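Peer 1: Quick one: this structure, given as structure tokens, is what I'll be asking you about.
The values are calculated or read from the model by the stated rules, or taken from the named source; none is laboratory data. Predicted model, so just to flag it, every value in this text is computed and none were measured. Quick reminder, even Gly has a Cβ in these numbers, built from the backbone with ideal geometry, and neighbours come from all protein chains shown. When the accessible area is computed, the model is the full protein with side chains, heavy atoms only, and any ligands, DNA or RNA have been set aside. Shrake-Rupley method; radii C 1.70, N 1.55, O 1.52, S 1.80 Å.
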Amino acid sequence: MATLPIGHRIRAQRRELGITQTALAKTLGISVSYVNLIEHDKRSIGGSLLNRLAEALGIEPGALNGAQERRVLDELAEIAAGTVEEGTSPHPESARDLLARHEPWARALLSLHRATKRDQGTISALSNRLNQDPVLDASVNDMLASATAIRSVADILADAPDMEQDQRARFDAILQEEATRLSDVAQTLARAFEAGQTDVSGLTAPEEVDDFLYRRSNHFPALEEVAQGLGFGDAPDTATLATFLEERHDVALHRITQNDAPRASVFDADNRRLTVAPSAAPATLRFELARRIAMLEATEAIEAEIADAPELTSEAGRIRAMRALAAYTAAAITMPYAPFHDAAETLRYDIDALTVRIGASAEQLCHRFTTLRRPGAEGVPFAMLRANAAGYLTKRFPLPRLPMPRHGGACPLWAVYSAMQTPDLRIARIAEFPNGERFFMLARATRPQASAYGQTRPTYTLMLACEIVHADRLIYSDGLDLGSTGRADPVGPTCLLCPRADCAHRQEASIRTNMR
Amino acid sequence: MGKRVLIAEDERNIAESLRFLLTRAGHEVSLALDGAEALVMVRRMQPDALVLDLMLPKVSGFDILKQLRAEEETRTLPILMLTAKGQANDRQTAQDLGVDAFVTKPFANDEVVAAVERLLNGAAHG
């Protein structure tokens, strides 16, 4: 068992009391070298020795159970996993050493980490606020309306010198009225921005990739072309893809009977072998084959896409983007654009019907929906979210008017969370945001298939959302009143940004109140 | 040659200046100040072109667009949409719904008059 680094605390307390290692060893009836080993975490102690040691040093035995150290180590592990570029993550064992040898530094790192997390939350809240805040929204609209009227009327007055007196007086009055309105709006805006401007560039690799995909509308014509050029036709099956890999790239598919690997597939480049987990469903197997083909056939096209992407500033971000685009290409291979778009529109985005027709999983279909942005053959513009059982958002693709939180959860009233309570049932909701905008939300919680007894199968939820104006293209909206007076659930973006003061589900105070 | 143009715009001052401009261009201009009124007037007066603001009270510009494109009599009615700067997504949505042309606010007078003339002459619509 790995020991928790409590030696530094024993040493510090001993010195504090002015006791030598020799004296302590004598009191405890152990050797001096043993005391030394304990103080350097080379020996774990427990039972009566721990109690006697605590007594000799005048501290509670509970204080030496390592609980404090455990918390510090857990947080250090979080830092190692989350914020450092891939490939250079510190080894978990080194966190123990850091704590044992340089406890103040370890604690300094933690406070820095907490401050960063807090600031990230504020930054993303502020950036979302720009899209969501009803006051800003209204101000910008007022400003544009005033500017439009002023510009137009001023031009009319300038080039119609022979205008009738009454008409001229009327336009003069409009100019006065609009100029006053514009200055009021300017003041409102200035007040709203008093808290200062915020820079909102991506902060971590996943966020860089989110930004990249979002700015490209999650549509990559060059990758669609590569996929189509492979000549698999409308619906390539598993056997076709496996044969292609074998014949063109000498890669053999290997299915094992037992596997603890967390990933669906592992590629061994040396032995040209693609190992797929036994738990992989047929749709997953097919997708993994296509993903491997994408990585072998579309490398150049993928690299070209990310080469000049300003959003991808870190190496980790670029690696992650490569993976995301390989998955994109795999989707383009297994679900070619034109026939897929056709089927989706014809079947009105019926996920069950499409699963049967196309043989893809619900998640693969939802992902593919978000990529249907080819000019002239656009699908419904969707946002997509995936949440795990802890409510954490593990995948997010936003829409311009539906920002999604980067940290923590969204509003608990979103369908993505309500679906958690009724696994396997699709929940269709009309959600109204505080600024009056309405979105159609469709969510379902799924438990993945287990491949062996005792395996954990954590439920996760997938949600699609679209602007209400497109909802009638979805079979799931049948029977719902999609008009602007129809019933809708009042929801918000996140509590932090939500102006609904009387909401019973509020978790934390809104920043909007203390920012005015 | 005078044509009938309907302007659906809730900002009275903008509507008024548009009416002046299009009247001066020789057209017969009517105003609708909200979305519901616009729908009623389109059906009643059957205009030759519609200038449609995106953000209308009661029935939104998108909803109007969608309803007009779903009806036989108005399927090919030339529609010019007024949008605000920086609303690329709105333009995309409007395009998906079948709008013929856009003018971005704040517009230049010549620009909006020329766009209406193009629509009336059938240049933008096949």
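Peer 1: Can you tell which of A:ASP478, A:ASP489 is surrounded by 13 or more Cβ atoms within 10 Å (Cβ to Cβ) and away from chain B (no Cβ under 14 Å)?
Peer 2: One residue alone meets the criteria, A:ASP489.
Peer 1: Given the structure, is A:ARG357 crowded, with 20+ Cβ neighbours inside 10 Å, charged (D, E, K, R) and part of a helix (DSSP H, G or I)?
Peer 2: no
Peer 1: On to the next question. Do the conditions hold for B:ARG91, that is, is it more than 10 Å from chain A (Cβ to nearest Cβ) and more than 22 Å from A:LEU144 (Cβ to Cβ)? Before the answer, list the steps.
Peer 2: On the way: more than 10 Å from chain A (Cβ to nearest Cβ): yes; more than 22 Å from A:LEU144 (Cβ to Cβ): no.
No.
Peer 1: While we're on this one: Could you please let me know if A:THR371 is open to solvent by less than 40 Å² (accessible area, probe 1.4 Å) and either outside the structural domain of A:ALA504 (by TED's automatic domain parsing) or more than 20 Å from A:ASP478 (Cβ to Cβ) (or both)?
Peer 2: Working: open to solvent by less than 40 Å² (accessible area, probe 1.4 Å): yes; either outside the structural domain of A:ALA504 (by TED's automatic domain parsing) or more than 20 Å from A:ASP478 (Cβ to Cβ) (or both): yes.
So A:THR371 fits the description; yes.
Peer 1: Of all helices (runs of 4 or more DSSP H) completely enclosed by the stretch A:1-119, which ones contain at least 2 residues that are charged (D, E, K, R) and in contact (Cβ under 8 Å) with a residue 24 or more places away in the chain?
Peer 2: Per the criteria, A:7-16, A:67-82, A:92-101.
Peer 1: State the number of residues belonging to the stretch B:32-47 that are open to solvent by 40 Å² or more (accessible area, probe 1.4 Å) and closer than 27 Å to A:ALA179 by Cα.
Peer 2: 1
Peer 1: Pull out all pairs, ordered by first then second residue, where Cβ-Cβ is under 8 Å, the residues are six or more apart or on different chains, the first lies in the stretch A:141-152 and is facing chain B (nearest Cβ under 7 Å) and closer than 14 Å to A:THR180 by Cα, and the second is buried (at least 24 other Cβ atoms within 10 Å of the Cβ) and among the polar types (S, T, N, Q).
Peer 2: A:ALA149/B:SER17
Let's see how each residue does on (1) within 23 Å of A:GLU311 (Cβ to Cβ); (2) part of a helix (DSSP H, G or I); (3) modelled with pLDDT under 85:
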site	(1), (2), (3)
A:SER127	yes, yes, yes
A:SER139	no, yes, yes
A:ARG151	no, yes, no
A:ASP162	no, no, yes
A:PHE171	no, yes, no
A:GLU177	no, yes, no
A:ALA195	no, no, yes
A:LEU203	yes, no, yes
A:PHE212	yes, yes, no
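Peer 1: Further question on the same structure: With the stretch B:48-126 as the region, which helices (runs of 4 or more DSSP H) entirely inside it contain at least 1 residues that are open to solvent by 30 Å² or more (accessible area, probe 1.4 Å) and farther than 26 Å from B:PHE20 by Cβ?
Peer 2: Those helices (runs of 4 or more DSSP H) span B:61-70, B:88-96.
Peer 1: Go through the stretch A:417-426 residue by residue and tally those that are at pLDDT 90 or above and open to solvent by less than 40 Å² (accessible area, probe 1.4 Å).
Peer 2: 1
Peer 1: Say whether the condition of being open to solvent by 10 Å² or more (accessible area, probe 1.4 Å) and without any contact (Cβ under 8 Å) to a residue 60 or more places away in the chain is met by at least one residue in the stretch A:398-416.
Peer 2: No, there is no match, as no residue in the stretch A:398-416 is open to solvent by 10 Å² or more (accessible area, probe 1.4 Å) and without any contact (Cβ under 8 Å) to a residue 60 or more places away in the chain.
Peer 1: Output the residue which, of all residues in the stretch A:374-397 that are aliphatic (A, V, I, L, M) and within 14 Å of chain B (Cβ to nearest Cβ), is surrounded by the fewest Cβ atoms within 10 Å (Cβ to Cβ).
Peer 2: Looking at the filtered set, the residue picked out is A:ALA377.
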